Amino acid sequence: TCSHGYSRKERKEYAVKKARVYPNSEGVPYYMMRELAALRKLSNKHICELVTINLHDFHLYLLFPYIERTLYDYINTPSGRGPIGVQKHQICSLTYQLLDAVNYCHKRGIVHRNLKPKHLLIIPGNGPDPLDNAQLKLADFALVRIMGHAPKKCTSEVITLWYRPPEILMGLKNYSTAVDVWSIGCIFAEMIVGEPLFMGVTEIDQLFQIFSNFI
């Protein structure tokens, strides 16, 4: 559960992520341990940093800087961006920032596994158009995986359907950091056209749309 919080002491706004910790000595869920382990390894200007962790009454609270809007909000804004999506120079800047963040993760063996516009936070620039000189922050590492030296089988139940690569759709378990690159390509295309590139209803439909557009 995510919520918007305010610290009276620091006079700062925070995004607060709450997760239930299992009682009876079962501890923190494994997926939260993965997320925490990844976040502790990351320090990049294009990645949303973890401010602090708090454990209280069988709930684990993660505090992040509060950023109001995401790339999804700007692509789908009702203010008339229309079918052209984001402007060309803005696409170049935002894509570069996204690539920088993901490259930083991959060099440390971290695969995000759920890249999409809703997980890309945007700090607006100072000009009349908020996307001019905007800063991108990669967020939501809930499905993160830290890859070891020896390849291991991973679950195929990752990445939102419209941004999921063909190899995972076909059930591959020994995938690599390349799955994030596919998602980046989908996000890049969405910024250009103003809507997702492949909008499948099911996994089979998603595969059909991908291959019918490339063959």
Positive-end residue of Leu98, Pro130, Leu62, charge dipole of the chain with Cβ unit charges: Leu62
Percentage relative contact order, the range 91-184, counting C-alpha pairs under 8 Å, at least six apart: 32
Accessible surface of the chain, 1.4 Å probe, proportion on carbon and sulfur as whole %: 55
Solvent-accessible area per residue for the chain (1.4 angstrom probe, square angstrom): 57
Extension gain from Arg40 to Ala19, taking 0.36 nm per residue of separation minus the Cα-Cα distance: 5.8 nm
Taking the chain and dividing mean pair separation by its residue count, relative contact order in percent (alpha carbons under 8 Å, at least six apart): 20
Listed pairs Lys45/Lys118; Lys88/Lys118; Lys45/Lys173; Lys17/Lys173; Lys18/Lys41; Lys12/Lys41 exceeding 27 Å between Cα atoms: Lys45/Lys173; Lys17/Lys173
Solvent-accessible surface (1.4 angstrom probe) belonging to Met170, in square angstrom, nearest 10: 130
Fully extended contour minus Cα-Cα distance, from Tyr72 to Cys2, at 0.36 nm per residue: 23.5 nm
Cα-based reach from Lys107 at 15 Å (exclusive), listing aspartates and glutamates while leaving out same-chain residues under 8 positions away: Asp180
Estimated inter-spin distance, His59 and Gln87, nm [label 7 Å along Cα→Cβ]: 4.2
For the chain: rounded, prolate or oblate by the Cα gyration tensor [a/c cutoff 1.5]: oblate
Longest DSSP-loop-exposure-free segment, GluC sites (Glu not before Pro), the chain, at most 15 other Cβ within 10 Å: 69-156
Neighbour cut-off at most 12 other Cβ (10 Å), DSSP loop, trypsin sites (Lys or Arg not before Pro), the range 1-78: Arg8, Lys9, Arg11, Lys45
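The values are calculated or read from the model by the stated rules, or taken from the named source; none is laboratory data. Just so it is clear, the model here is predicted, and its values are computed rather than measured. Don't worry about glycine lacking a Cβ; one is built from the backbone with ideal geometry, like all the others, and counts go over all protein chains shown. When the accessible area is computed, the model is the full protein with side chains, heavy atoms only, and any ligands, DNA or RNA have been set aside. Shrake-Rupley method; radii C 1.70, N 1.55, O 1.52, S 1.80 Å.
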